[in-house]
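These notes concern the structure reproduced below.
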Amino acid sequence: MDLLYISGLLATAAFAASGVLAALGKHIDLFGAVVVAVVTAVGGGTLRDLILDAPVFWLRDEAWLLVAVVIGCFAFFLRSQLDRYGNALAYLDAMGVALVAAGALQKCIELGLPGLHGVALGVITGIGGGLIRDTLTSRDTLLVSPELYATPIILGLTVQYVTHQWFGLSNIAALFLGGATIFIFRALAIRLDLRMPSRFVNQWSE
Amino acid sequence: MDLLYISGLLATAAFAASGVLAALGKHIDLFGAVVVAVVTAVGGGTLRDLILDAPVFWLRDEAWLLVAVVIGCFAFFLRSQLDRYGNALAYLDAMGVALVAAGALQKCIELGLPGLHGVALGVITGIGGGLIRDTLTSRDTLLVSPELYATPIILGLTVQYVTHQWFGLSNIAALFLGGATIFIFRALAIRLDLRMPSRFVNQWSE
Amino acid sequence: MDLLYISGLLATAAFAASGVLAALGKHIDLFGAVVVAVVTAVGGGTLRDLILDAPVFWLRDEAWLLVAVVIGCFAFFLRSQLDRYGNALAYLDAMGVALVAAGALQKCIELGLPGLHGVALGVITGIGGGLIRDTLTSRDTLLVSPELYATPIILGLTVQYVTHQWFGLSNIAALFLGGATIFIFRALAIRLDLRMPSRFVNQWSE
């Protein structure tokens, strides 16, 4: 699927840039930043392929690493411009997560896995790279932030699965709908500082 | 083995609840907590299967994810009750570790691996999920705590291996003995605040 | 290759010792330290084998775990002597990284992978164990330190690839040259406190 490939490269670029931005609170040099960019960009998909026992995607095609390296370099030199846009890191992460999570669910549907597995793998693929990025740069992960993070992903993937399996939407339409749901919901959450109803939030009991 | 399966589900439940409890020092919402619960619950076994090049266990059977998700939700809503029991996190972790580590060693024995490999894989499987949990929730891992953590696991697995290979105990009896040794020793360590003799402890040289 | 095997064991020993030293800022006991030592020692190579879908190296030969366990114990008891040598952790890490990264690139060349893949896998293999070590012991990773860390690795691997593929150096000569470049450059960076030209460094913008 050409569209899947292009959206994958777009996700790679977004994650690579997010990796550089995540490192800005620390001393880091160009090559360190590129390493963080690459690991963030390919981390989630690598986890997906290992779990599914598929060949790791970036070994079959040089485009993935090339995009991650080039965008990582660009993002490093343009970091102050990027950083000026409030929440650039969060939006880039949201775009990468949406594209990658929806693609992983799509792959699981093709493999005939049950919906629960597909959603779980979609979540792991979507946030895997970002979790590794936050760990490498010693940040609190987005999972334990007050913002809505896992919710848009789980909701979007559920929409994608249900519209495809139950309402007969085509693969690609469901993929687009699921990815868009994730991104728009997450972007609104960042923009409007949405929170879960307090009953569903842990109020920092420490 | 039915018993192995049931003890695996029990470990999954214990780890899932421990994942939710570990996140309580942070802002986290229901879905974030469920993601931490699931990753904690299946993390160690996933590492084991990847290293042994076996199909990842939770892809073959929906029960694992279901248990992790359901227990994760329950634990989230009952978190203040659970948290009230001092050290609930540590005991749940101990139970998960004991069941999972002993099961992994058993699998390695069946595969004909040497004892050293079996113990190493048992330790990795036992603590892998917990280490990922502590990393995701930005806690110091239990490995670098003053409590006895690795010791009960290594001792219990050694007991299991030796009684089975050298003294002819059946698989299942050795598994039970090993798991019980890990859990009881670790529970006593928590309860009585046991420490290693000071010669075997690093006294915080920083 | 005998030389590759011996250099692999040397890297294992260096990483195991570095794992123990990294834990010294924390409460840790003998068995906890040995677990950190083993995970640090085999972590990078395990990642390499999983990504290449090769059998995990330490399962095929008991020597790897034995060396990691024995050196881990020695390093624990001799920790104050080791720690007295300023930067022992950094030098041991540099030795492990050099040996392991160059070996991984060599393996990728043999598999016929493109240079970009080889360098990326070399970096991941070289720093993987150290990143896991720093995460387990709650340290900032060496990637986000002011020192030159990724640069010597990427430079040395490029030298290795170019001299072998373009200038016809033999496998083993290129491997030696690449590993030596990484280690010497990194050691000089530690000794002389080298930094990247400021244009290539992020100045702690937080």
With modelled with pLDDT of 90 or more, within 23 Å of A:ALA68 (Cα to Cα) and aromatic (Phe, Trp, Tyr) as the only criterion, which of A:PHE167, A:PHE183 stands out? A:PHE183
Screening B:LEU113, B:LEU121 for residues that are facing chain C (nearest Cβ under 9 Å), closer than 26 Å to B:ILE6 by Cβ and in a helix (DSSP H, G or I) leaves only B:LEU121
All but one of (1) hydroxyl-bearing (Ser, Thr, Tyr); (2) touching a residue at least 24 places away in the same chain (Cβ under 8 Å); (3) farther than 20 Å from A:GLN106 by Cα hold for A:THR158; which doesn't? (3)
Going by what's in this entry, would A:LEU142 be described as free of Cβ contacts under 8 Å to residues at least 40 places away in the same chain and aliphatic (A, V, I, L, M)? no
Somewhere in the range C:108-118, is a residue buried (at least 23 other Cβ atoms within 10 Å of the Cβ) and closer than 18 Å to C:ALA173 by Cβ? yes
Looking at the range C:157-172 only, could you name the residues that are outside any helix (DSSP H, G or I) and surrounded by 18 or more Cβ atoms within 10 Å (Cβ to Cβ)? C:LEU169
Checking C:LEU10 against (1) modelled with pLDDT of 95 or more; (2) within 29 Å of C:THR151 (Cα to Cα): exactly one of these is not met. Which one? (1)
Suppose the filter is more than 14 Å from chain A (Cβ to nearest Cβ), part of a helix (DSSP H, G or I), free of Cβ contacts under 8 Å to residues at least 12 places away in the same chain and of a type in the set (Phe, Trp, Tyr); does B:TYR5 pass it? yes
Output the residues belonging to the range B:124-142 that are of a type outside the set (S, T, N, Q) and outside any helix (DSSP H, G or I). B:ARG139, B:ASP140
Quick check on the range C:183-194. Is at least one of its residues within 15 Å of the chain's Cα centre (by Cα) and more than 14 Å from C:GLU147 (Cβ to Cβ)? yes
Look at C:LEU99 and say whether it is away from chain A (no Cβ under 11 Å) and either part of a helix (DSSP H, G or I) or touching a helix residue (DSSP H, G or I) at 6+ places or on another chain (Cβ under 7 Å) (or both). yes
Mind listing whichever residues of the range A:14-48 are touching a residue at least 12 places away in the same chain (Cβ under 8 Å), under 26 Å from B:THR46 (Cα atoms) and facing chain C (nearest Cβ under 8 Å)? A:VAL36, A:VAL38, A:VAL39, A:THR46
Identify the residue in the range B:93-114 that is under 19 Å from the mean Cα position of the chain (by Cα) and among the charged types (D, E, K, R) and, among all such residues, is nearest to B:LEU9 (Cα to Cα). B:ASP93
I need a count of the residues in the range A:10-63 that are touching a Pro at 6+ places or on another chain (Cβ under 8 Å) and either assigned to a loop (DSSP other than H, G, I, E, B) or polar (S, T, N, Q) (or both). 3
Select from the range A:49-63 the residues that are under 21 Å from A:GLY32 (Cα atoms) and surrounded by 14 or more Cβ atoms within 10 Å (Cβ to Cβ) and write down the one among them that is nearest to the other protein chains (Cβ to nearest Cβ). A:GLU62
Output yes when any residue across the range A:191-206 is on the phi > 0 side of the Ramachandran plot, within 14 Å of chain B (Cβ to nearest Cβ), touching a helix residue (DSSP H, G or I) at 6+ places or on another chain (Cβ under 8 Å) and not in a helix (DSSP H, G or I), and no when none is. yes
Given (1) hydrophobic (A, V, I, L, M, F, W, C); (2) at pLDDT 90 or above; (3) farther than 13 Å from A:ALA33 by Cβ, identify the lone condition not met by A:LEU89. (2)
Residue ID - surrounded by the most Cβ atoms within 10 Å (Cβ to Cβ), chosen from residues in the range C:130-156 that are farther than 16 Å from C:GLY103 by Cβ and small (Gly, Ala, Ser): C:ALA150
Just wondering, is there one or more residues in the range A:64-86 that are facing chain C (nearest Cβ under 8 Å), part of a helix (DSSP H, G or I), within 21 Å of B:LEU50 (Cβ to Cβ) and of a type in the set (Ser, Thr, Tyr)? no
For the range A:54-86, name all the residues that are in contact (Cβ under 8 Å) with a residue 24 or more places away in the chain and aliphatic (A, V, I, L, M). A:ALA63, A:LEU65, A:VAL67, A:ALA68, A:VAL69, A:ILE71, A:ALA75, A:LEU82
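The values are calculated or read from the model by the stated rules, or taken from the named source; none is laboratory data. All of these numbers come straight from a predicted model, not from anything done at the bench. Note that each Cβ is placed from the backbone with ideal geometry, even for glycine, and that neighbours are counted across all protein chains shown.
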